[in-house]
Amino acid sequence: MLYLDNSATTAVHPEVVKVMQDVLEKHFGNPSSLHKKGIEAEKILQISKNFIAQTLQVKPQEIVFTSGGTEGDNLAVKGIALQYQNRGRHIITSQVEHPAVRESCRQLENLGFEITYLAVDKIGCVDPELVKSSLRKDTILVSIMQVNNEVGAIQPIQAIGELIKKHTKIFFHVDGVQGYAKIPVQLKLWGVDLFTISAHKIHGPKGVGALYIRDGIKLFPQITGGGQEGGIRSGTENVPGIAGFAKACQIAREIFVTKSKEMSKLRKACIVLLEESIPAIVVNGPKDEEVSPYIINLSIPGLRGEVLVHALEKENIFVSTGSACSSKKDITSPVLDAMGLAQDIKLGSIRVSFSYETTLEDIEVFVNKLTQVVEQLLRKN
Ligand SMILES: Cc1ncc(COP(=O)(O)O)c(C=O)c1O
């Protein structure tokens, strides 16, 4: 089995499973309970929060646990909009954001907010100059992702942050789900106010994530109740999931140091091999600069993405069409639409995404199988 769909989700690391099992079995108390079992669970939350905060070089009280990237994005975008709407009702985002941000913005539009969806260039990057010229007196939020989940484009977060720093009343949210623990993150240097992360993209469990909220920022809570997580996100915390998340962060951080250069080389090698073996192949998005080492989006003109995905599946190789969230709908990806790609390139797009466990041998197997599959399918056409 060759799993190359790591941007959709990753396999849970065995050490993460161990930690979670231990917490499930032994530390089942409710962190809000006053007795020993509760205090024990609360301690696990605190230790996990301290660790995750440390990986982001922020304070533990600036971290709120969520149910994942989708909730983090919703909390950030709608939380700022609803809390600060008296200052203004204009938000800037891009046309290539994850649906968690895009649909939050659409909802806000229905509530009377004005949203500017910035265009991108043909490799999926936002131009900071466009952000600058879109800023208005009533702008309260700019939300731009760090790494695009479909094509891997790394957005110019530092340059955008520099612009926003000059406007003290505008908040800057970054969806870091595909960047955290994979490429460098420097929230303070970049002037990021809110940063979303998710555990299952880094070999942690599904249904857990965190949102960094810079000290002093208030968010309009979307889940109200018992007042957990400082009242910003009520609900009994997912203690085993959070402990697993912290473990995954620890493992990712250790590996990140040794693996990041290697991963870039691996991605480049994969593209070279693909271009040698399948001359018609088109790489969508940035080729080798300003791109996540973990993602390649490619098309073979004349072949549909889902046909390729299923043909590879028969060979026990797992990749995806576009992003996981839109792969079951027969519509072209808004990300590829925004990049202005031709219809056959959009319909033919597949995303191959690596993990730090992917090796050069895996890449060779993938390229060989894809070459065979493409030859067979083109012969049939
Ligand atoms: C960039 C980005 N943001 C947000 C999400 C949503 O994260 P989650 O699956 O944890 O809800 C994803 C998941 O694919 C993503 O890639």
*Kindly indicate whether any position in segment 19-29 is more than 14 Å from Val239 (Cα to Cα), without any contact (Cβ under 8 Å) to a residue 60 or more places away in the chain and in the same structural domain as Asn238 (by TED's automatic domain parsing).*
no
_Every residue from segment 38-60 that is surrounded by fewer than 21 Cβ atoms within 10 Å (Cβ to Cβ) and hydroxyl-bearing (Ser, Thr, Tyr)_ = Thr55
*asked:* Can you list residue pairs whose Cβ atoms sit under 9 Å apart, with the first residue in segment 276-288 being closer than 26 Å to Ser260 by Cβ and modelled with pLDDT of 95 or more and the second being surrounded by fewer than 17 Cβ atoms within 10 Å (Cβ to Cβ) and hydrophobic (A, V, I, L, M, F, W, C)? Count only pairs 6 or more apart in sequence or on different chains.
replied: none
_Checking Phe195 against (1) outside any loop (DSSP other than H, G, I, E, B); (2) closer than 17 Å to Pro60 by Cβ; (3) away from the ligand (no atom under 16 Å from the Cβ); (4) not hydroxyl-bearing (Ser, Thr, Tyr), the condition it does not meet_ = (3)
*asked:* Could you check segment 205-255 and list, in sequence order, the residues that are within 16 Å of the ligand (Cβ to nearest atom) and β-branched (Val, Ile, Thr)?
replied: Val208, Ile223, Ile242
_Those residues of segment 111-134 which are part of a strand (DSSP E or B) and hydroxyl-bearing (Ser, Thr, Tyr), in sequence order_ = Thr116, Tyr117
*Working carefully through the options Lys49, Lys78, find the one that is charged (D, E, K, R), assigned by TED's automatic domain parsing to the domain that holds Ser143, more than 16 Å from the ligand (Cβ to nearest atom) and not in a loop (DSSP other than H, G, I, E, B).*
Lys49
*Residues within segment 173-192 that are within 16 Å of the ligand (Cβ to nearest atom) and either out of contact with any Lys or Arg (no Cβ under 9 Å at 6 or more places or on another chain) or assigned to a strand (DSSP E or B) (or both), tallied*: 7
*So which of Glu162, Glu103, Glu109 is within 14 Å of the ligand (Cβ to nearest atom), surrounded by fewer than 19 Cβ atoms within 10 Å (Cβ to Cβ) and without any contact (Cβ under 8 Å) to a residue 40 or more places away in the chain?*
Glu103
*Which residues, taken from segment 52-68, are of a type in the set (Val, Ile, Thr) and either within 12 Å of Gln250 (Cα to Cα) or part of a strand (DSSP E or B) (or both)?*
Ile52, Thr55, Ile63, Val64, Thr66
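Yes/no per residue for (1) modelled with pLDDT under 95; (2) within 16 Å of the ligand (Cβ to nearest atom); (3) β-branched (Val, Ile, Thr):
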| residue | (1), (2), (3) |
| --- | --- |
| Ala119 | no, no, no |
| Lys122 | no, no, no |
| Val126 | no, yes, yes |
| Ser134 | no, no, no |
| Leu141 | no, no, no |
| Ile144 | no, yes, yes |
| Asn148 | no, yes, no |
| Ile154 | no, yes, yes |
_Breaking point among (1) assigned to a helix (DSSP H, G or I); (2) in contact (Cβ under 8 Å) with a residue 40 or more places away in the chain; (3) surrounded by fewer than 20 Cβ atoms within 10 Å (Cβ to Cβ), for Ser32_ = (1)
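The values are calculated or read from the model by the stated rules, or taken from the named source; none is laboratory data. Just so we're clear, the structure is a prediction, and the values are computed from it rather than from any experiment. We place every Cβ from the backbone using ideal geometry, glycine too, and count neighbours over all the protein chains shown.
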